[in-house]
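Visitor: I'd like to ask some things about the structure below.
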Amino acid sequence: MKANYGIFISPKGVHENINSVGWSLIIWVVCGVFSALGAYCYAELGTFIRSSGGDYAYVLAAFGPLMGFLRMWIECIIVRPCTITAVAMTFATYILRPFYPDCELPFLAPQLLAAGCIILLAQVNTISVRAVTWVQNFFTIAKLLALTLIIVTGAVLLIQGGPYRESFHNAFEWPEVTAGQIALAFYSGLWAYNGWNYLNFITEELINPTRNLPLAIGISFLSYLNPDLGTPIPAVLFTAFLSLCYLLLSDNIYTLINYVQIVNWLAIGVATAGLIWLRKKQPVEKYPRPLKVNIIFPWLFLLGCALLVLFPMIQAPKDTAIGIGIMLTGLPVYLLCVHWQGKFKFIDNLMDQCTVFAQKLLLVVPEKKEI
């Protein structure tokens, strides 16, 4: 079971953009159906392409190494660290708000507390796998208890009546909103459903993935491990560093969500287009699928992904430009370090020196090169 942190962030973002209780509830339902539709499409990809890596493996198989590299670049450089920043900012805001109930929070206070949380959790993740497990279990229980408290409190206040019911007067009257605002409301709503596309990350390790994939939740990245602690220190420190950088880029949680969602849905849309392309490139008649979805579902989901990318370009062009700009920084990295590998000796030597330095500094397992 995944108790998603997004549920504590998303409701405000949905309501602020749509400005209607009734239509906010409809958006929540549509977000759930849309996420289920995406998971259904990914189930075919996961049972047909049984390589670990999730979206990366599917985009790589359909469109080649450049698109596959950009998909993983998006995940490592934008989605993961920016998500951590948004969650840390939310945690910091909730912690500080009781001390300043009737006024704005002090300047830089949420950012400083969020930075402290990121550094602390990075330290925990580098010290002990067991400690990380305990921390995850503790916060999972805390999230479930908090959700239960919110639901029970809301139900009691609604039953008591009074001013709390006024929000439901003319609840389904159509608000004056733009298509871009609706898309941004969907961004916040879909943020709470985040994680369904990670089900396929460990397909290769699953026994009978056709049966077990819908039940499996896992995220698998290859990284250097400290031989004594068994923790991926370089990956943790790099992700923490990027998360701190995003704190400098913006202190608005919903702006951070926009950065993530714009490129994330672009990447998910490309993976879904890969499903449709593979149906043509590798037809079912010659390459049978253990699970085959009706072709209309990928097309509907791809259309939804396209709308989620296009409409926010009008409503939030700056956020869109920043998100896509960060994504495109992967192009020169791919060309220099992958496509043209071996052509520029000084770059290869620099990469080797950085690798050796990181291995010595962080006491990680040295890489093994096949002979």
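Taken together, the values in this text are just the output of simple stated rules run on the coordinates, not laboratory data. Computed from a predicted structure; not experimentally measured. Glycine also receives a Cβ, built like all others from the backbone with ideal geometry; neighbour counts cover every protein chain displayed.
Visitor: What full-extension length gain, to one decimal in nm, is calculated for Val33 and Asp348 as 0.36 nm per residue of separation minus the Cα-Cα distance?
Guide: 108.7 nm is the gain from fully extending Val33 to Asp348.
Visitor: Choose one answer from Tyr58, Tyr42, Tyr246: the residue with the largest mean-square fluctuation in a GNM of the chain with alpha-carbon springs under 10 Å.
Guide: Maximum among the listed residues: Tyr246.
Visitor: Moving to a separate point now. May I ask you to derive the FRET efficiency for Phe99 and Ile159 from their Cβ-Cβ distance with R0 = 41 Å, giving the value to the nearest 0.05?
Guide: About 0.85, to the nearest 0.05.
Visitor: For the chain, the longest stretch holding no GluC sites (Glu not before Pro) located in a DSSP loop with at most 12 other Cβ atoms within 10 Å is which?
Guide: 177-284
Visitor: Additional query: Provide, for the chain, the number of lysine pairs with alpha carbons under 16 Å apart, each pair being eight or more places apart or on different chains.
Guide: Summing the qualifying lysine pairs gives 4.
Visitor: Could you identify which residue out of Val356, Val333, Val260 has the top mean-square fluctuation in a GNM of the chain using Cα springs shorter than 10 Å?
Guide: Val356
Visitor: Now for a different question. Could you give the distance between the Cα centres of region 245-286 and region 126-152, to the whole Å?
Guide: If we compute the Cα centre of each part, the gap is 28 Å.
Visitor: Taking the structure as given and computing Rg and Dmax of the Cα atoms in Å, which label from (1) 32.1, 131; (2) 22.8, 68; (3) 22.1, 75 fits?
Guide: The calculated read-out lines up with (3).
Visitor: With springs only between Cα atoms under 10 Å apart, run a GNM on the chain and tell me which of Asn197, Asn264, Asn252 wobbles the most.
Guide: Asn252
Visitor: Working out 0.36 nm times the residue gap between Phe139 and Leu112, then minus their Cα-Cα distance, what length gain in nm do you get to one decimal?
Guide: Gain in length upon complete extension: 7.6 nm.
Visitor: Using 0.36 nm per residue, how much length does the chain from Glu173 to Leu307 gain when fully extended, once their Cα-Cα distance is taken away?
Guide: Additional length available on full extension: 45.9 nm.
Visitor: Using helices alone, I'd like the mean residue ellipticity at 222 nm for the chain: each DSSP H run of four-plus residues gives -39500 (n - 2.57), total over residue count, nearest 500.
Guide: The helix contribution divided over the chain gives -21500 deg cm²/dmol.
Visitor: How do Trp174, Trp277 rank when sorted from fewest to most other Cβ atoms within 10 Å of their own Cβ?
Guide: In order of increasing Cβ crowding within 10 Å: Trp174, Trp277.
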